[in-house]
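Trainee: Below is the structure I would like to discuss, written out as C-alpha cells.
The values are calculated or read from the model by the stated rules, or taken from the named source; none is laboratory data. Given the structure is predicted, the values throughout are model-derived calculations rather than measurements. Glycine gets a Cβ as well: all are built from the backbone with ideal geometry, and neighbour counts include every protein chain shown.
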Amino acid sequence: MNPQRSASLLAGLLAFAAALAVLPASAQTAPTRKPRVAVLDFDYATVQSYSSAMFGADVDIGKGITDLLITNLVKDGTFSVYERQALDKLMTEQNFSNSNRADPATAARLGKLAGVDAIIIGAITEFGNETKNQNVGGGGGNWHGIGIGGIGHSNSKANVAINLRVVNVDTGEILAVAEGTGQSSRSSTSLLGGGGNWHGFGGGNVDFGSSNFQNTIIGEATKAAVDQLTANLIADASKVTVRTIKVDGLVAAVDGGQIILNVGAKAGVKVGDQLQVLRVTKEIKDPSTGQVIRRLTTTIGVVRATDVDDASSVCVPVSGSGFQEGDRVSSETQ
C-alpha cells in the first residue's frame with residue numbers, strides 16, 4: 001500500500017472514531033453488562049428480642065447479614081452490586097425508614113432511583129439455638145468468656161434461617177426468592193461460645209465478618225446460612241434481566257454553557273449519560289381527531305449529564321449548538 005493511501009485510510013479511521021465519541025449512548029452498541037442489584041438491610045424484627053438477649057443490646061443483625069451477602073456477591077461476580085455508601089446516602093435523602101426494609105413497593109422505588117435492575121430485600125426468621133430460641137437467657141456476664149447469652153441447657157447447636165426476595169424496580173414484581181439455613185457443626189453452652197474468647201461486641205455493633213464472631217457457634221451458623229442463601233440466589237440469576245432505560249424529556253432552560261432538563265433520576269438519567277437533543281419541526285395531526293400522530297424532528301446535538309437530582313438534570317454540550325428551551329431530549333441505555 002502506498003504512503004498516500006495509508007494516510008487516507010488512517011484519516012478515515014480517525015474521523016470514524018471521532019464520530020462515535022459524540023454519538024449518544026442509544027446510537028452506540030453498548031457492551032453487555034452484568035445485572036445490577038442493590039441489597040437493603042434485612043429485616044430482623046422476628047428475632048430481635050432473642051438477638052438482643054444474646055448480645056445484651058439491640059445489635060442490627062440484619063445489617064450484619066446483609067454485609068456478608070454483599071461480600072459473597074462481589075466475590076462471585078455474577079451481579080454488579082450497588083455501592084453500599086451510595087445506597088445509604090440515597091436512603092437518607094429519601095427519608096427511608098428501617099420499617100420499610102421488607103416492603104417491595106418502597107424498595108422498588110428506591111431501586112429505580114439508584115438505577116439498578118433489581119433490589120434485594122430479606123428477613124431473618126431464625127437466629128438462635130436448636131430449640132428455636134426457647135429459654136434464651138439474658139446478656140449478662142463476662143464478654144471475654146463463653147458464658148454469654150445463656151441458652152438454657154448445655155451442648156446446644158446454633159441455627160440461623162434467612163429468606164430474600166428479588167424485586168423488579170419498575171413493577172414491584174417479585175422476580176425470585178431464595179432461602180438459606182445454617183447450623184453450627186459444634187455444640188456449646190453459649191451461642192457466643194464455642195470458639196474461645198469473644199471480643200467482637202462494642203456499642204451495639206458486631207462485625208459479622210470478623211473471625212471473632214465467625215468462630216462462635218452462632219457466627220458459624222450465620223456464615224453457613226448466608227453462603228447457602230448466596231448460592232440459591234446466584235442459581236436464579238437469569239431471572240434478573242438488564243433493564244433498557246428510555247428517557248424522553250425536554251430542555252427546561254439554557255443558561256450559558258449549561259442545559260437544564262426536566263427529567264432526572266426518577267426518569268432513569270444518571271451522571272455521565274449522553275442524550276440526543278431534537279427540535280420538532282412539524283407536527284402531523286390526524287384529520288379526524290386532531291390528535292398529533294407524528295412529530296418531524298431535526299437533530300440539534302448531544303449533551304452529557306453532569307449533575308442529576310430526582311426531577312432534573314444539568315448537562316453540558318458534547319456536540320451541536322443553539323440549544324433552546326422546549327427542545328426534546330431522548331436516550332436509550334442499559
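Trainee: Based on this model, can you work out whether Ala53 counts as within 19 Å of Ala107 (Cα to Cα) and among the hydrophobic types (A, V, I, L, M, F, W, C)? Explain how you work it out, then say what you get.
Mentor: Working: within 19 Å of Ala107 (Cα to Cα): no; among the hydrophobic types (A, V, I, L, M, F, W, C): yes.
No.
Trainee: Tell me, which strands (runs of 3 or more DSSP E) lie completely within the stretch 243-334 with 3 or more residues that are in contact (Cβ under 8 Å) with a residue 12 or more places away in the chain and not aliphatic (A, V, I, L, M)? Please lay out each step first, then the result.
Mentor: Details: elements: 245-255, 258-261, 274-285, 292-308, 313-320, 328-333.
Those strands (runs of 3 or more DSSP E) span 245-255, 274-285, 292-308, 313-320, 328-333.
Trainee: Of all residues being among the β-branched types (Val, Ile, Thr) and loosely packed, with under 14 Cβ neighbours inside 10 Å in the stretch 290-305, which is nearest to Ala265 (Cα to Cα)? Just the residue, please. Quick ask: steps written out before the conclusion?
Mentor: Step one: filter the stretch 290-305 for residues among the β-branched types (Val, Ile, Thr), giving 292-293, 297-300, 302-303.
Filter once more, so that each one left must be loosely packed, with under 14 Cβ neighbours inside 10 Å: 292-293, 298-299.
Working: Val292: 28, Ile293: 28, Thr298: 26, Thr299: 24 Å.
Across the stretch 290-305, the extreme among qualifying residues is Thr299.
Trainee: Continuing with the same structure: So, Lys266, is that one within 25 Å of Ala311 (Cβ to Cβ) and at pLDDT below 95 or not? Spell out how you get there, then give the answer.
Mentor: Values: within 25 Å of Ala311 (Cβ to Cβ): yes; at pLDDT below 95: yes.
Yes.
Trainee: Can Glu173 be described as of a type outside the set (Ser, Thr, Tyr), at pLDDT 90 or above, over 25 Å from Ala107 (Cα atoms) and out of contact with any strand residue (DSSP E or B) (no Cβ under 6 Å at 6 or more places or on another chain)? Walk me through it before giving the result.
Mentor: Values: of a type outside the set (Ser, Thr, Tyr): yes; at pLDDT 90 or above: yes; over 25 Å from Ala107 (Cα atoms): no; out of contact with any strand residue (DSSP E or B) (no Cβ under 6 Å at 6 or more places or on another chain): yes.
In short, no.
Trainee: Take residues that are modelled with pLDDT of 90 or more, β-branched (Val, Ile, Thr) and surrounded by 18 or more Cβ atoms within 10 Å (Cβ to Cβ) and tell me which of the helices (runs of 4 or more DSSP H) falling wholly in the stretch 38-127 contain 2 or more.
Mentor: On the way: elements: 48-55, 61-76, 84-93, 104-114.
Of the helices (runs of 4 or more DSSP H) lying wholly inside the stretch 38-127, those with at least 2 residues that are modelled with pLDDT of 90 or more, β-branched (Val, Ile, Thr) and surrounded by 18 or more Cβ atoms within 10 Å (Cβ to Cβ) span 61-76.
Trainee: I've got another one for you. Here are the criteria: (1) of a type in the set (Gly, Ala, Ser); (2) surrounded by 13 or more Cβ atoms within 10 Å (Cβ to Cβ); (3) within 30 Å of Ser51 (Cα to Cα); (4) modelled with pLDDT under 85. Tell me which single one Ala221 does not satisfy.
Mentor: (4) is the only condition that Ala221 fails.
Trainee: Can you say whether Val167 is at pLDDT 95 or above, in a strand (DSSP E or B), surrounded by fewer than 20 Cβ atoms within 10 Å (Cβ to Cβ) and not basic (Lys, Arg), as far as the supplied structure shows?
Mentor: Taking the combined requirement at face value, the residue does not satisfy it.
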